[in-house]
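Trainee: If you scroll down you'll find the structure; I have some questions about it.
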Amino acid sequence: MRQDRRPYWVKKTYLKFRYWYAEHFLRPACDELGAHHTIMKPWYVDINGPNITIGKCVTIVAEKYSPVKIGVWGRQPDSGKISIGDYVLLSPGVRLSASDEIIIGNNVMMANGVYLSDSDWHGVYDRTERDEKVTPIILHDNVWLGDSSIVLKGVTIGENSIVGANAVVSKDVPANVVVAGNPAKVVKHLDSSIERVTRREYFANPAEQAKYFDGLDRMVLEGNGFFNWLRTLIKPNNKD
């Protein structure tokens, strides 16, 4: 569809159902799910395992064929953890798989298809057991992971750094750099003196932001008729 033909009340009903679904099914799957979350198509978000915490103002965008998967498979029952900070963005197809520990700071952004795993899950010679060495992944605040990038076990990425699309990060990344390639290498240094504008600023006042978008929806969708919207579901045209 080129246009959103839904009447305002239809969209509001959908948003209320979406929020209810996340609260009813995803909140119990977490040890903590922060306030003011935006989880688009939460029925395509899969959260499994213990010790999973998600901060406030998280945005998770999932799609039918690109679900978001967050899972902890610890070495022992109730072991292993994933901690996701405030104001984080998870795009379609993101997968977070923790054997021991994945720590994600505030304002971190992950593009489509990003994959983080803190374990190889099988040894090179003994493929029935994991390596005994614990190799956590740590992403510091404001890290940005590009499309289909992969962060491997034991990697720490410093504050503000950017990982290019399709990069494979196998070693630690310092703060304020851009890395790209396989294996990822530093291709640019960022100016640390320039003030960063992050998702924290975007969500500075969640209640006012929600009120603004509600008013925008009311204005844009005000003239949409119910039966015309039904028509677009059955027989759309090139103006829809």
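The values are calculated or read from the model by the stated rules, or taken from the named source; none is laboratory data. Here the structure is a predicted model, which means the values were calculated and not measured. A quick note on method: Cβ atoms are made from the backbone with ideal geometry, for glycine too, and the neighbour counts reach across all protein chains shown. When the accessible area is computed, the model is the full protein with side chains, heavy atoms only, and any ligands, DNA or RNA have been set aside. Shrake-Rupley method; radii C 1.70, N 1.55, O 1.52, S 1.80 Å.
Trainee: Grab the DSSP H runs of the chain that are 4 residues or longer, score each as -39,500 (n - 2.57), total them, divide by all residues and round the 222 nm result to the nearest 500 deg cm²/dmol.
Mentor: Working: 4 runs with 43 residues, N = 240.
Computed mean residue ellipticity for the chain: -5500 deg cm²/dmol.
Trainee: Once both labels are modelled 7 Å past Cα along the beta-carbon direction, what's the GLU63-GLN209 spacing in nm?
Mentor: 2.3
Trainee: Across region 14-130, how many lysine pairs, 8 or more apart or on two chains, come within less than 19 Å at their alpha-carbon atoms?
Mentor: 8
Trainee: What residues qualify as long-range amide H neighbours of GLU63, i.e. H under 5 Å apart, gap of 5 or more or another chain, H built at 1.01 Å from N?
Mentor: It is VAL68, GLY93, by chain and number.
Trainee: Can you give me the accessible area per residue for the chain, using a 1.4 Å probe, in Å²?
Mentor: Counting only protein heavy atoms, the per-residue value for the chain is 57 Å².
Trainee: Using 1/(1 + (r/R0)^6) with R0 = 45 angstrom and r between the beta carbons of ASP4 and GLU32, what's the FRET efficiency to the nearest 0.05?
Mentor: After rounding to 0.05, the efficiency reads 0.85.
Trainee: Below 30 Å Cα-Cα, how many Lys pairs turn up in region 99-240? Only count pairs eight or more apart in sequence, or on different chains, if you could.
Mentor: 9
Trainee: Just to confirm the filter: which trypsin sites (Lys or Arg not before Pro) across region 172-206 are DSSP coil and have at most 14 other Cβ within 10 angstrom of their Cβ?
Mentor: Hits after loop and neighbour filter: ARG196.
Trainee: Between ASN237 and ARG200, what length comes free when the chain is fully extended (0.36 nm per residue of separation minus the Cα-Cα distance, one decimal in nm)?
Mentor: 9.3 nm
Trainee: Sorted by accessible area (1.4 Å probe), largest first, how do SER192, SER148, SER99 line up?
Mentor: SER192, SER148, SER99
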